[in-house]
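We did not get these values from a lab; they are worked out from the coordinates using the rules stated. No experiment lies behind these values; they were computed from the predicted model shown. Here the Cβ positions follow ideal geometry from the backbone for every residue, glycine too, while neighbour counts run over all protein chains shown.
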Amino acid sequence: MQTKIIFISDKFERFQSLLRQKSFSEYNIDLMNHAEANRKCIFQTFYNLFIVDLIEPWLALPPWIREQGQHQYFFQFIFISDAPLNAELVNLLQHRIFKVINRRSSIESLPEVIQKAHSYSDKRLYKHEKAYQNKNSYISGLSGRHPSIERINEFIGIVSKARYAPCLIRGESGTGKNYCARLIHRANDLRDDLFFVKNCENATTNELIGDLFGVGQENDLYGYKRKSLLEQYSGGTLVLKNIEKLPLDVQSKLLLYLENRTFKPFGAKNIVEANIRLIGATQHNLEWFVKRQSFNPGLFYHLNAFEIYLYPLRERGEDINLLSLYYLQYYNNQYGKGVKSISSGAQQLLKEYKWPGNIKELKNVFERAVLVCNSDQITIYELPASIRIGKTKTQEEEYIGNCTIREIERIHIKRVLLKTKGNKSKAAQILDISRTTLREKMRQYAINN
């Protein structure tokens, strides 16, 4: 049986002598560069062997390899790479990875490796022993080299062992709270259709009670039961986005559910049992809402037992370059482009920018940059004007630049009180004023503590 091979590389000139060898004529080989592979429907052709030359490690997997990973017929992969393979790639292909060859020895060793892979293909056998190490994979869970990212990835593994334990994910808009919740869900090997995000903002009490707990047969004008999200996604994960907006009545019912794992749909007679992991997502410190009696303390303590805080991108400077390369590859794959690098000038601008929209903003910036780029490198001219001309102020900085001295004093006092956790004596000492003066200013500025 003839082995049908696809060889994917952007540097075929390195392999010209190899491809001209007479021994290769017995193989049916298609040659493609990476951009061409992303544009074509490779999964519609039944290749027995994939040879992939990875000059740059894959941070973002191309769609074609995800599609190929879903096939059930026999196929194998040979990778040419000097770096460890992406953990996601290894998890996708598993035993289908025949061998990883380093670039220096690839030309000499490739003929023998292909021949061995061909013999395995004839017997429909997979090579189960791993001929590579994957301890230093670039991405496993959240991507980044900031110390907090490693801790969060470890914590996700811990949370996944507590199968239905509720948890809380905090972070500014665009930091990846939904993605983090999905990683917790996937850590339990659950189907994606058992994952649901419900936005609590601008939702009425009746709407949320109906959605979360359902409506019984007796009260339904249309003659059928409105099934609750807790039932629909039982065994999976329910994310409550902007959970601080949840009305108190709904919070109380949710707390009762978490304590008993049972609930009664609105207007129904029977009690329903459902097991689901509840994840609260918020931009805010929920403890602040608890102190002001707008968030149920019992529900807060349930959620806060497993809390994850996602740092804003401006505090993760070492991750900006890695995430930039990830989205460069991601949108190269999506649009079949061949942009290979980011200029040093563009990298410097990206590093200096404050990123008020965090990772979501970075993603949008690179989608635009890859689309408008007409060369193999993103320069400063492919970046938005707001980044190029140095408009890096956060919303708070913009506000401070347009307010009175009195308002600046109010903001500063609030920050110091937050830093001292409400200790007025320590706050007065930092502010270099008496405790009496501090109390008077708090009264004037309506600062509650």
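What is the helix-to-structure angle for 177-186, meaning the angle in degrees between its Cα long axis and the longest Cα principal axis of the chain, kept from 0 to 90 and rounded to the nearest 10?
Orientation of helix 177-186: about 60 degrees from the principal axis.
Could you point to the residue in 417, 90, 102 farthest towards the positive end of the chain's charge dipole, with +1 and -1 charges on the Cβ of Lys/Arg and Asp/Glu respectively?
417
Do you know the relative contact order of the stretch 317-379, to the nearest whole percent, from alpha carbon pairs under 8 angstrom that are 6+ apart? Display every interim value, and only then the final one.
Numbers: 50 pairs, mean separation 30.3, N = 63.
Across the stretch 317-379, relative contact order equals 48 percent.
Only four residue types carry charge here, +1 at the Cβ of Lys and Arg and -1 at the Cβ of Asp and Glu. Report the dipole size of the chain about the Cα centre in Debye, rounded to the nearest 20.
Values: 64 positive and 47 negative charges, 185 e Å.
In debye, rounded to 20, the chain gives about 900.
Out of (1) 0.99; (2) 0.97; (3) 1.06, which label holds the value of Rg/Rh (Cα atoms, Kirkwood Rh) that was computed here?
(3)
Pull up all non-local amide H partners of residue 216: gap of 5 or more, or a different chain, and H-to-H distance under 5 Å with H placed in the peptide plane.
Long-range HN contacts for residue 216: 266, 267, 268.
How much FRET efficiency would the formula 1/(1 + (r/R0)^6) give for residue 94 and residue 437, where r is the Cβ-Cβ distance and R0 is 56 Å, rounded to 0.05? Write down the numbers at each step before the final one.
Numbers: r = 67 Å, r/R0 = 1.20.
Efficiency, rounded to the nearest 0.05: 0.25.
Subtract the Cα-Cα distance of residue 367 and residue 389 from 0.36 nm times their separation in residues, and report this length gain in nm to one decimal. The partial results should precede the final answer.
Values: separation 22, 0.36 × 22 = 7.92 nm, distance 1.97 nm.
This chain segment gains 5.9 nm when fully extended.
For the chain, set up a GNM with springs between Cα atoms under 10 Å and report which of 293, 347, 334 has the largest fluctuation.
293
Going Cα to Cα from residue 291, which aspartates and glutamates come in below 16 Å? Please leave out same-chain ones fewer than 8 positions away.
244
List the aspartates and glutamates whose alpha-carbon lies under 13 Å from that of residue 424, not counting same-chain residues fewer than 8 positions away?
432, 440
7 Å from Cα along Cα→Cβ at both residue 109 and residue 294: what's the point-to-point distance in nm?
Computed distance between label sites residue 109 and residue 294 equals 6.2 nm.
How much length, in nm to one decimal, is gained on full extension between residue 67 and residue 24, taken as 0.36 nm per residue of separation minus their Cα-Cα distance? Don't skip to the end; give the middle numbers.
Values: separation 43, 0.36 × 43 = 15.48 nm, distance 2.76 nm.
Computed gain between residue 67 and residue 24 is 12.7 nm.
Over the chain, calculate the relative contact order: mean separation of alpha carbon pairs under 8 Å at least 6 apart, over the residue count, as a percent. Provide the component values of the computation, followed by the final result.
Numbers: 668 pairs, mean separation 58.7, N = 449.
Once normalised by length, the contact order is 13 percent.
Sum up the charges of everything whose Cβ sits under 10 Å from the Cβ of residue 3, counting Lys and Arg as +1 and Asp and Glu as -1, but leave residue 3 out. Spell out each step's value before the answer.
Numbers: positive: 4; negative: 26, 122.
That works out to -1.
So which of 227/264; 245/414; 177/253 end up more than 18 Å apart by C-alpha? Each step should come with its number before you reach the end.
Working: 227/264 11 Å; 245/414 23 Å; 177/253 24 Å.
The pairs that break the limit, which is 18 Å between Cα atoms, are 245/414; 177/253.
Can you tell me the order of 15-21, 242-248 when each peptide is scored by its average per-residue count of other Cβ atoms within 10 angstrom, highest first?
Values: 15-21: 11.7, 242-248: 19.6.
Packing order, densest peptide first, comes out as 242-248, 15-21.
What ³J(HN,Hα) values, in whole Hz, does the Karplus curve 6.51 cos²θ - 1.76 cosθ + 1.60 give for the stretch 354-370 when θ = phi - 60°, with x put for Gly and Pro?
Per residue, the Karplus-derived 3J(HN,Hα) values read 7, 6, x, x, 6, 5, 4, 5, 4, 4, 5, 4, 7, 4, 5, 4, 5 Hz.
If you place +1 on the Cβ of every Lys and Arg, -1 on the Cβ of every Asp and Glu, and leave all else neutral, what size is the dipole of the stretch 402-444 about its Cα centre, to the nearest 20 Debye? Kindly include the intermediate steps, with their values, before the conclusion.
Numbers: 12 positive and 4 negative charges, 50 e Å.
Its charge dipole is roughly 240 debye.
Calculate the FRET efficiency for residue 269 and residue 205 from the Cβ-Cβ distance with a Förster distance of 22 Å, rounded to the nearest 0.05.
Values: r = 22 Å, r/R0 = 1.00.
For R0 = 22 Å, the calculated efficiency reads 0.50.
Would you work out the charge dipole size for the stretch 4-123 about its Cα centre, treating the Cβ of every Lys and Arg as +1 and the Cβ of every Asp and Glu as -1, and quote it to the nearest 20 debye?
Working: 14 positive and 13 negative charges, 37 e Å.
It works out to roughly 180 debye.
Run the reach check for residue 116 against lysines, Cα to Cα strictly under 21 Å, same-chain hits fewer than 8 apart removed. What comes back?
Within the straight-line cut-off, residue 116 pairs with 4, 22, 99, 127, 130.
Can you give me the angle between helix 147-161 and the longest principal axis of the chain, using Cα atoms only, in degrees from 0 to 90, rounded to the nearest 10?
Roughly 90 degrees between the two axes.
Let me see the pair-distance distribution of the stretch 402-444: every alpha carbon pair, 10 Å bin width, integer percents in order.
Per 10 Å bin, starting at zero, the Cα-Cα P(r) for the stretch 402-444 comes out as 31, 58, 11, 0 percent.
With each run of n ≥ 4 DSSP H residues scored as -39500 (n - 2.57), what mean residue ellipticity at 222 nm is computed for the chain after dividing by its residue count and rounding to the nearest 500 deg cm²/dmol?
Details: 20 runs with 190 residues, N = 449.
So the calculated ellipticity at 222 nm is -12000 deg cm²/dmol.
Given 0.36 nm per residue, what is the gain on full extension from residue 411 to residue 344 after removing their alpha carbon distance, in nm? Spell out each step's value before the answer.
Numbers: separation 67, 0.36 × 67 = 24.12 nm, distance 3.77 nm.
Separation in residues times 0.36 nm, less the Cα-Cα distance, equals 20.3 nm.
Going by alpha carbons, how many degrees (0 to 90, nearest 10) lie between the helix axis of 248-260 and the longest principal axis of the chain?
Relative to the chain, helix 248-260 is tipped by roughly 60 degrees.
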